[in-house]
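Participant: One structure follows; several queries about it will come next.
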Amino acid sequence: MLHKLYDWIDERLDITPIWRDIADHEVPEHVNPAHHFSAFVYCFGGLTFFVTVIQILSGMFLTMYYVPDIVNAWESVKYLQTQVAHGQIVRGMHHWGASVVIVMIFLHTLRVFFQGAYKKPRELNWVVGVLLFFVMLGLGFTGYLLPWDNKAFFATQVGLEIAESVPYIGGDLKTLLAGDPEIVGAKTLARFFAIHVFFLPAALFALMGAHFIMIRRQGISGPL
Amino acid sequence: MQRGKGMKFVEDSRVLDKESRNKIPKDYSEYPGRTEAFWPNFLLKEWLVGAVFLIGFLCLVAAHPSPLEQQADPNNASYIPLPDWYFLFLYELLKYEFAAGDYVVIGTVVIPGLAFGALLIAPFLDRGPERRPSKRPIATGLMLLGVIATIWLTYESVEAVNWEDRANYSVEAVPDVEIDEEDPGYEVYQNNCMSCHGGQLEGNPASGGPSLVGIPHGKEALKDIAVNGVGEMPANMFEGTDEELDQLAEFIISVNEQANGEGEEGESEEESE
């Protein structure tokens, strides 16, 4: 039955080459921890992706309760944390996942750097990877304003002052992020929510797509 | 052209320019070894690693509920800002004199810009053919320097924070009490104690005044402390008549009794859910 369905689709869309590109390849010995335990350093990239998936899923569930306005944001997080069934677990996964994903992407970056795996022909994939790192830091920064507690508010104020200190464009940059040259308030929260939930994830997906396509085209780098 | 399953490919999909093949590090396919099919053999192992990782991660989540501080109050002048741990290195950097005040641009733009900029274009700075860290000492040295500096700055920043005081910022640190502003003791409290112990008796980490909710003292002890001080609290903070002192002590005790009573009610409510 499944075979017939597959053949029916394959006859029309020729999906076998796609499948072949995604999954039908050999994993070389030097990245396989079953052969050399030290190859566990190759796990960090995959674990970064795994935690990113956790972040996407838990974040989707969080938006079912979260309200991005300054009157209700904190109340909605508190309600989720204390009243909603398993709300504490879902918020906990998103909160701790944000830290773990930074740790994993950091270790992955170090692995690639010290192995010199960014050398020709993989320069572009390294650049995309560092951009992914920046997007992750941006997600972390915009994410912790959202609960609208004191930590969020004052850390964001400091962050916006840092943005303001940039020569020439600082003032405009701050206004772009905060929605106002002076006030950190309702507009700021709405903008950070939009950046955290739409803009940066869009950039994240595009960059991850490029990252993975390049890995599949170039293969993993050889042993040292 | 043959279509569908079994389609023949002229070349491997990992296309390589034949001419440049000798100039770049060899691909792993050049090394004969015990390769393993990704699907399904290797993917199964990856799933096992992922499952073990997920168990550890969920243990962390269950053991440490994520923190929530009190609702943002832009007028809270005593609050000391602190970013999440992965921005602490930048926060600490901005404390140094050469990267603060008039030179803040150095701390906010120049140093992070150089460091992250160099990271971004690393493949174009480190262009040699060697891959081993020991064969490219400049790249390895600079990266180690960056990593050690980041870890050191983060450590210094964590050391400088008084985590016990910060616990008072948490939402759990505020007992649900309704202050009865009609109470004669409240006016006495307002005039004598509020500047250090806060409008809700919640304490004020900046001035060092602890919370007055959840303290064990009886009426006489409270009166004694108000007059003679205790610990870091100086003597003679209270100025007024003996009658006002009585009212003050009764007011503080009444708030404490209310907080204790409400606390228990709150718990039983949760249990009945």
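Participant: Just to be sure I understand: with springs between alpha-carbon atoms less than 10 Å apart, which residue in A:H108, A:H95, A:H36 has the highest mean-square fluctuation in the Gaussian network model of chain A?
Facilitator: In the Gaussian network model the winner is A:H36.
Participant: My understanding is that a pair violates if its Cα-Cα distance is over 19 Å; which of A:K119/B:K45; A:K78/A:K151; A:K119/B:K135 do that in this structure? Display every interim value, and only then the final one.
Facilitator: Details: A:K119/B:K45 29 Å; A:K78/A:K151 14 Å; A:K119/B:K135 14 Å.
Check vs 19 Å cut-off fails for A:K119/B:K45.
Participant: Run the numbers on the stretch A:197-224: which residues show a drop of 30 Å² or more in accessible area, chain on its own versus all protein chains together, using a 1.4 Å probe over heavy atoms?
Facilitator: When all protein chains are present, A:R217, A:G222, A:P223, A:L224 each give up 30 Å² or more of accessible surface.
Participant: Ignoring ligands, DNA and RNA, what percent of the accessible area of the protein assembly as shown is carbon or sulfur (1.4 Å)? Spell out each step's value before the answer.
Facilitator: On the way: 18060 of 28720 Å².
That fraction is 63 percent.
Participant: In debye, nearest 20, what is the charge dipole magnitude of the protein assembly as shown about its Cα centre with +1 on Lys and Arg Cβ and -1 on Asp and Glu Cβ, if you could check? If you can, show how the numbers build up before the last one.
Facilitator: On the way: 34 positive and 64 negative charges, 1157 e Å.
Charge dipole of the protein assembly as shown: 5560 debye, to the nearest 20.
Participant: How many Cβ atoms of partner chains, on average, are near each residue of A:84-97 if near means within 10 Å of its Cβ?
Facilitator: Details: counts 0, 1, 0, 0, 4, 5, 2, 4, 9, 6, 2, 7, 8, 3.
Average per residue, whole number: 4.
Participant: Probe 1.4 Å, all protein chains in place: accessible area of A:R12 in Å², nearest 10?
Facilitator: 130 Å²
Participant: If you count, for every residue in A:118-129, the Cβ atoms of partner chains within 10 Å of its Cβ, what is the mean? Don't jump to the answer; show the numbers that get you there.
Facilitator: Values: counts 6, 11, 7, 8, 3, 5, 1, 1, 6, 6, 0, 2.
Mean shielding count: 5.
Participant: Provide A:H30, A:H3 ordered by accessible surface of protein heavy atoms (probe 1.4 Å), highest first.
Facilitator: So the residues, ranked largest to smallest area, are A:H3, A:H30.
Participant: Ignore the peptide's own chain and count Cβ atoms of other chains within 10 Å of each Cβ in B:33-44; give me the average, rounded.
Facilitator: 5
Participant: I would also like to ask the following. For the residue pair B:D73 and A:I183, what label-to-label distance in nm results when each label sits 7 Å from Cα along the Cα-to-beta-carbon direction?
Facilitator: 2.1 nm
Participant: Still on this model: What shape does the stretch A:112-204 take by its C-alpha gyration tensor, where a ≥ b ≥ c are the square roots of the eigenvalues and a/c under 1.5 counts as rounded, a/b above b/c as prolate, and the rest as oblate?
Facilitator: Numbers: a/c = 2.57, a/b = 2.03, b/c = 1.27.
Because a/c hits 1.5 or more and a/b exceeds b/c, the stretch A:112-204 counts as prolate.
Participant: Based on a Kirkwood Rh over C-alpha pairs, give the Stokes-Einstein translational diffusion coefficient of the protein assembly as shown at 10 °C and viscosity 1.306 mPa s in µm²/s.
Facilitator: On the way: Rh = 27.0 Å.
Estimated diffusion coefficient is 59 µm²/s.
Participant: Probe 1.4 Å, all protein chains in place: accessible area of A:C43 in Å², nearest 10?
Facilitator: The accessible area of A:C43 comes to roughly 40 Å².
Participant: Something else about it: With solvent modelled as a 1.4 Å probe, how much accessible area in total do chains A and B shield from it at their shared surface, in Å² to the nearest 100? All intermediate terms of the calculation are to be shown ahead of the outcome.
Facilitator: On the way: alone 14800 and 21790 Å², together 28720 Å².
So the buried area, both faces added, is about 7900 Å².
Participant: With a ≥ b ≥ c the root eigenvalues of the C-alpha gyration tensor of the stretch A:26-218, is it rounded (a/c under 1.5), prolate (a/b larger than b/c) or oblate? Walk me through the numbers before you get to the answer.
Facilitator: Values: a/c = 2.68, a/b = 1.54, b/c = 1.73.
Since a/c reaches 1.5 but b/c is at least a/b, the shape of the stretch A:26-218 is classed as oblate.
Participant: Cut-off 14 Å, label point 7 angstrom out along Cα-to-Cβ of B:A62: give me the residues of the stretch A:89-106 whose amide nitrogen falls inside.
Facilitator: Those under the cut-off are A:89-90, A:93.
Participant: Under 10 Å, Cα contacts only: if you run a Gaussian network model on chain A, which one of A:V197, A:V27, A:V112 comes out with the highest mean-square fluctuation?
Facilitator: A:V27
Participant: Please name whichever of B:G113, B:M143, B:P129 sits farthest to the positive end of the charge dipole of the stretch B:85-160, dipole taken about the Cα centre and charges placed at Cβ: Lys and Arg +1, Asp and Glu -1.
Facilitator: Selected residue: B:P129.
Participant: Kindly provide the helix-only [θ] at 222 nm of the protein assembly as shown, computed as the sum of -39,500 (n - 2.57) over DSSP H runs of four or more divided by all residues, to the nearest 500 deg cm²/dmol?
Facilitator: On the way: 20 runs with 274 residues, N = 497.
Helices in the protein assembly as shown give a 222 nm mean residue ellipticity of -17500 deg cm²/dmol.
The values are calculated or read from the model by the stated rules, or taken from the named source; none is laboratory data. The shown structure was predicted, so the numbers you read here are calculated from the model rather than taken from an experiment. Note that each Cβ is placed from the backbone with ideal geometry, even for glycine, and that neighbours are counted across all protein chains shown. With ligands, DNA and RNA removed, areas are computed over all heavy atoms of the protein, side chains included. Shrake-Rupley method; radii C 1.70, N 1.55, O 1.52, S 1.80 Å.
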